[in-house]
Each structure stands twice: as structure tokens, then as C-alpha cells.
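Step one of this worksheet: look at the structure below.
No value in this document is a laboratory result; all are computed from the given coordinates. Computed from a prediction, not measured in an experiment: that's the story for all the values here. Here Cβ is always computed from backbone atoms with ideal geometry, including for glycine, and neighbour counts include all displayed protein chains.
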Amino acid sequence: MAAAALASMSGAVAQNMPFITRVYDFMPAPGQFVNMSPQYRDGDTREMVLQRVEAAICGSMKVEEGELPDGTIVRDTVMTVKPGLISLGSYGGYVVFGFDHPVVNVAGEMDFQVFGNAFGSDSLKVSGGSCEPGIVMVSRDVNGNGLPDDAWYELAGSEYSNPLTKKHFTITYYKPASDKEPVPDPKNPFLTDTEYVHWTSNDTDSLAEGYVFKNSFHAQSYWPGWAEGETLTFTGTKLRNNAVNENPNGQQYWVQYFFDWGYVDNRPDYMYDDSAPASNANMGFNIDWAVDDSGTPVHLNKVDFIKVYNGMLQQCGWLGETSTEVCGGIDLHPDAVADPDPVTVTGDLNGDHKVDVSDVNIVINVILKQATSPELQAASDVNGDGKVDVSDVNEIINIILKV
């Protein structure tokens, strides 16, 4: 399916560019590839770093011209949709990007693809290898200012409802002193500092604190050089660990097993080969997977911004921390036209063009703080008195009863 889609794009230039065209924000968490992918040079500003991120993940298109033996001039559009890669560091590190147009939610289809560099192993029945899942979020430009400052919605992948998945997980990393004394691992010469970057979290049960290790393969600072302040804090959904040391009694052999679906850098990207096993491929992302902070499904007819962040917090011995890589992305139907926004009907909070008990339940969830999205909170003030309370419930009931 994907190869055919790319072939059709290369045959005729789409009205909208199918690949990522702009990066709005980038902040990796500490990690072994930070300041390397992309490269950071002393004194670089945030804007300079963003330019390198754009060079690494924004695609390009050019028309190549050739001449056949009979003199006929032929032209072909060649796209580069995976120009390079960036690393998001440890848990929470993120990148925010967009296209030169909104990505449309096409019913029954995957809407866009974000590439990683995951790979599997035939010896492991292609169920694992290097799989470093990143979580995807989407947003609409509700206020129309062209910036990703409106509400974000998570695309709920296969692990979203797993009891081991932690929601609203917050982690804070602490910048190590430049003269910090390293704490090596005497049993593992590849680990040069097992207490390099200290972190704490709001999970007091099992992940109250820990460290990002430093290894002998990467000697540069793991702290993003352009980051201001002495701490970095990230909040989001934390996925369960997927790494297993398959040779614990000898040379460590870490395998990171993939999740079923819904994550970046989680499965191999078989975008160019329709003969590849689809059962093992990363086939893309569907906007219909969007949910708000409380897990309530949200219908979005299009999105303007996409965010990918590392959903994993795990160390794999000498292999280092699990870190999502992003290598580009495409809109799978760049010239699609979005359905019009739902007709606004007073009391219709879920956009289904009717007012019924489901809308009453939404107001109740907002009152109980079980639904926290800004859009639902604003819409739930049905009587317009600036607050959401039982009077709004009564207002919707009156609309239903036509009182």
C-alpha cells in the first residue's frame, strides 16, 4: 500500500507537499546521541539547532529531466522523504513538526506516517531487535495563529490501555556538574558513569529516581547544549519496558521487542516495498485514534501539528538508554479535503449533531475533572455564565426536553 502511494506521488507533483516541511520545537531528554543527532556546536542557539533538525527530517522534491534515444524529453519527480534522523534522548524528549497544509482525517485509512530506524531479526521471528517506541500526539490550530499552542491529543496505540502503561508521568532531569566525578561500573567497562544524569519522577512506587548512564562509545555531554536552566521536565504517557537481556549469563545481548501498533520507531518502515510482510510493518497513524487527557475519544477532521516524544524509560546495559529516532514523515493523502467542521448546536458537546444524554455525561465528567481538554471545558459552559456546574447539566436537559 505505501509503495504504491509513494509511486503515485512521484508520478505527478501533489498540490500540497507530502512530506514534513517545518519543525516548530525540539527538546531531547539527556541521552548518548544528544548533541550529535543533530550536531550541536558550542554557542549554537535554539534557532540554529531547529534548522539542523529541519534539514534532518524535512523532505524534499525535485524534477529530474532525461532524454530518450528518440530525443523525447522525460521528466520525473523524485522525492526524498527520509533525509536523515534525529534522536529524542531518554524518556520525554520530543520534536514538534508540521506540513505545509493540514493533515486530513480520511475515513477508514491511515492518515500519515512518521519514520524511525527500527529493525527486527529473523532469528527472533522478527518480533524484536532495535525497537524504541515514540508516542504521537496531534493538535489543531484552533486559535489560528499558526503555532502549536492549542490542545494536544494522544494517538492511543496498542499499549494505551495496558495496565503497565503509566499516564500523566512526570520526570525531571538534573544537569550534571562539568567537574562531576564519574561512577563507573566495575563489571561493565563500557559504562563509564552509572550516575551521570540524575532524574526523579512522580512515580513513587517503582520509578522515584534513577540515572541516565554514560558509556564509552559517546564521550560528549548528554545534556542538550542549548537548553536553558539546570533541569528539564517532561510529562506524558510512559510505556512499559520492552527490552530483554537474552544472554544474561555472558556477553549482554539486549533485544527491544516491538509493540503491536501505534508508535514511531517501533516497527521497521516498509514504505518502499509492498512485498514486505505487512504484519511486521509500521503502516502509519490514524487520526481517529486521538484521545484527550482523560482517555475520551476526540473526533478531529484534520490536524495541523504533530508531536513525537520518547515513551520509554529504560537502560539496556552497554547499549544505553532507549531513545526514539525520527527520520522524516509523509502525509499519505496530501491533497485530501477535510470534511467541514461539525455544525455548532448548543449543547452538542461531542459534535454528533444532536443533544442527548451523552452530552450530559460530558458535562458531568468536566465537573468531576475526569474530562480536562480545553475544548470540552469551554463547550460545557452551556449557559455561558463562565463556569461549569449543575446549572449546565440542567440547561442540556432542558434542551433535550425542549423546555
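Points worth noting:
- In straight-distance terms, cross-link reach from Lys167 covers every one of the lysines whose alpha-carbon lies under 22 Å from its own, apart from those fewer than eight places away in the same chain; here that gives Lys238, Lys307, Lys369.
- Label positions at Thr346 and His299, each projected 7 Å from the Cα along the C-beta direction, are separated by 2.2 nm.
- Note on Asp356 and Ser161: with the Förster distance fixed at 41 Å, the Cβ-Cβ geometry gives a FRET efficiency of about 0.95.
- FRET efficiency for Tyr174 and Thr21, using Cβ-Cβ distance with R0 set to 30 Å, rounded to 0.05: 0.25
- Cα-centre dipole for the range 9-132 with unit charges at Cβ (Lys and Arg positive, Asp and Glu negative), debye to 20: 360
- Straightening the chain between Asn247 and Asp185 buys 20.5 nm, computed as 0.36 nm per residue apart minus the Cα-Cα spacing.
- Dipole magnitude (debye, nearest 20) for the range 357-400, charges at Cβ of Lys, Arg, Asp, Glu: 140
- Choice from Ala379, Ala177, Ala290 showing the highest fluctuation, given a GNM over the chain with Cα pairs closer than 10 Å: Ala177
- Across every pair of non-identical alpha carbons in the range 357-400, the mean reciprocal distance, once inverted, gives a Kirkwood radius of 10.0 Å.
- Among the listed values [x] 2.26; [y] 1.04; [z] 1.09, the one computed from these coordinates for Cα Rg over 2.2 N^0.38 Å is [z].
- Computed [θ] at 222 nm, deg cm²/dmol, the chain (DSSP H ≥ 4; -39,500 (n - 2.57); rounded to nearest 500): -3500 deg cm²/dmol
- Put in order of Cβ neighbour count within 10 Å, fewest first, the listed residues His168, His101, His198 become His168, His198, His101.
- Rel. contact order, % - alpha carbon contacts under 8 angstrom, at least six apart, the chain: 25
- Computed Rg/Rh of the range 25-114, alpha carbon atoms with Kirkwood Rh: 1.14
- Under 15 Å, Cβ to Cβ, from Asp385 - net charge with Lys/Arg +1 and Asp/Glu -1: -3
- Comparing Cys327, Cys316, Cys58 in a Gaussian network model of the chain, where Cα atoms under 10 Å apart are tied by springs, the biggest mean-square fluctuation is seen for Cys316.
- Here the chain is scanned for chymotrypsin sites (Phe, Trp or Tyr not before Pro) in DSSP loops (not H, G, I, E, B) that have at most 13 other Cβ atoms within 10 Å, and the longest stretch holding none of them is 1-216.
- The chain - charge dipole about Cα centre, Lys and Arg +1 at Cβ, Asp and Glu -1, debye rounded to 20: 840
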